[in-house]
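Everything on this sheet refers to the single structure shown next.
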Amino acid sequence: MVKVGLTGGIGAGKSEVSRLLASYGAVIVDADKIAREVVEPGTPGLAAVVAEFGDGVLTPDGTLDRPKLGGIVFADPQKLQALNAIVHPLVGARSAELEAAAGPDAVVVHDVPLLTENDLAPLYDLVIVVDAAPQTQLDRLVRLRGMAEDEARSRMEAQATREQRLAVADLVIDNDGPLDALEPQVRAVWERLGSA
């Protein structure tokens, strides 16, 4: 098994790289997807979030109001830390289950947005960073995701810097250009992983 950590700043294009790697045969363990699963209604994770932040972070149907919670935690580093203390151990446990089920010959790609922030690089055989200039990230968040510019900047500032991410990278995929320039880079990375 080859364990790969895949990360990149918000809006850098990590999800597209993850999708391409999956299409080549990688087993994807998506930390964001798991983070949503562990706070679904009826889970201990959601109960812990409500205990910490109050019923105001729930929608009328009892699901987590992610935009509202995001507005709270991305504006206050201590509240973000409190949320991470609840969610990260649950995500880690579920990620380990999925990795164990992948099989001994698998290339397991852990799609982890906060890999750098949480000093997780040593957990992987190889770390891939999807890199884009901050202005590119901001443009994608505003233009493609419809975020307000101040919210986009706040989310970017809550993450590691570009330099911090690049410092933990074994491989860097440059995603500053058009989408059609991405696929050949990801294919080359996949071929390298297959020979690892």
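The values are calculated or read from the model by the stated rules, or taken from the named source; none is laboratory data. This structure is a prediction, so every number in the text was calculated from the model and none was measured. FYI the Cβ positions are ideal-geometry reconstructions off the backbone, even for glycines, and counts take in every protein chain you see. All accessible areas refer to the heavy atoms of the entire protein, side chains included, with ligands and DNA or RNA removed. Shrake-Rupley method; radii C 1.70, N 1.55, O 1.52, S 1.80 Å.
Overview of values
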read-out	value
Whole-number D in µm²/s for region 121-163 (Stokes-Einstein; Kirkwood sum over Cα pairs; 37 °C, 0.692 mPa s)	280
Hull shadow area, averaged, region 95-147 [alpha-carbon convex hull, nm²]	5.2
Solvent-accessible area per residue for the chain (1.4 angstrom probe, square angstrom)	52
Size of region 1-154 as Cα extents on the principal axes (Å, biggest first)	45, 38, 27
Neighbour net charge for GLY62 - beta-carbon separation under 12 angstrom, K R +1, D E -1	-4
Partner aspartates and glutamates for LYS79 [C-alpha distance under 14 Å; skip if fewer than 8 residues away on the same chain]	GLU52
Residue among PRO104, MET147, LEU126 farthest towards the positive dipole end of region 97-147, charges placed on Cβ	MET147
Whichever aspartates and glutamates have a C-alpha closer than 19 Å to that of LYS33, once near sequence neighbours (fewer than 8 apart) are set aside	GLU16, ASP65, GLU97, GLU99, ASP111, GLU117
Order by protection proxy (mean Cβ within 10 Å, highest first), peptides 2-15, 115-128, 94-107, 70-83	2-15, 115-128, 70-83, 94-107
Structure-based [θ]222 nm, the chain - -39500 (n - 2.57) summed over DSSP H runs of at least 4, per residue, nearest 500	-15000 deg cm²/dmol
Size of electric dipole in the chain: Cβ of Lys, Arg +1 and of Asp, Glu -1, about Cα centre, debye, nearest 20	100
DSSP-defined beta bridges in region 1-128 - what % are antiparallel, rounded to 5	10
Rg/Rh for region 6-71, where both radii come from Cα atoms and Rh is the Kirkwood radius	1.09
Leading residue at positive end of dipole, region 39-196 (Cβ point charges), from PRO44, ALA167, LEU193	PRO44
Magnitude of the charge dipole, region 52-138, Cβ model with Lys/Arg +1 and Asp/Glu -1, debye to 20	240
